[in-house]
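Report on the following structure.
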Amino acid sequence: QTVRDYSDGLSAYYENGLWGFISPGGKAVIEPAYDEVTDFDGDFALVKKGGKWGVINKTGKLVFQCEYDSISSFEDGVALADTGGLKHYLYSDGKKKSLSTSYEFHEYSDGFARVKDIKNGKWGYIDHKGVIRVNPKYDTATDFQAGHAVVSLNGKTYSINKAGDRKSVDFRPD
């Protein structure tokens, strides 16, 4: 038997070839039923069964069935999942949004996710509802951190805020 450190009140344990979770008192809260598990991060853990990933809550209920090839950890209440080359956003309330194949989607950071328009190769940003908030017009783009992201356009580098307002960035030393 293998037992991991506690994470958000539960500890993953391995018994008879499968993973489950125990409480701080050592009581099985979620019986071993999974080939692989991640530690709980907030209310959710990723679980793998039959080669596919899903999401469970702390009671062991499957919030998302084990049907995904990969799932990122939840960031800002949203995880990016892939199945058969199709991308989905999984929301912490149990809802799922299938994503357009016209864009390359990335994980959320600071409330926004980077998206790349497949046709023109330009980057922009969407909010949690999948609404484009900064049009895909940038040559490169970083994730938002503390309300700002770094983008480039036509060889110039800018810092932008969530409204898309940009300020030129000068990398020359003082």
May I ask you to rank Thr101, Thr157, Thr140 by accessible area, largest first, using a 1.4 Å probe over the protein chains only?
Thr101, Thr140, Thr157
Based on C-alpha coordinates, I'd like the Rg and Dmax of the range 14-87, in Å.
12.4, 42
If you roll a 1.4 Å probe over the heavy atoms of the protein chains, what accessible area per residue do you get for the range 1-85, in Å²?
50 Å²
Pairs on different chains or at least eight residues apart, Cα atoms closer than 16 Å: how many lysine pairs in the range 16-124 fit?
10
Rolling a 1.4 angstrom probe over the protein chains, ignoring ligands and nucleic acids, what is the accessible area of Arg133 in square angstrom, nearest 10?
130 Å²
Could you work out how far the C-alpha centroid of the range 85-136 sits from that of the range 9-67, in angstrom?
28 Å
Just how much of Asp110 is accessible, in Å², when a 1.4 Å probe is used and the result is rounded to the nearest 10?
50 Å²
Dipole of the range 1-153 [Lys/Arg +1, Asp/Glu -1 at C-beta], most positive-end residue of Tyr89, Tyr13, His148:
Tyr89
Could you give the size of the charge dipole of the chain about its Cα centre, using +1 on the Cβ of each K and R and -1 on the Cβ of each D and E, expressed in debye and rounded to the nearest 20?
740 debye
Leaving out ligands and nucleic acids, and using a 1.4 Å probe, what accessible area per residue does the range 113-174 come to in Å²?
64 Å²
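The values are calculated or read from the model by the stated rules, or taken from the named source; none is laboratory data. Every value quoted in this text rests on a predicted model; they were computed, and no experiment measured them. When we count neighbours, we look across all protein chains shown, and the Cβ atoms used for this are built from the backbone with ideal geometry, even at glycine. Protein only, heavy atoms only, side chains kept; ligands, DNA and RNA dropped before computing areas. Shrake-Rupley method; radii C 1.70, N 1.55, O 1.52, S 1.80 Å.
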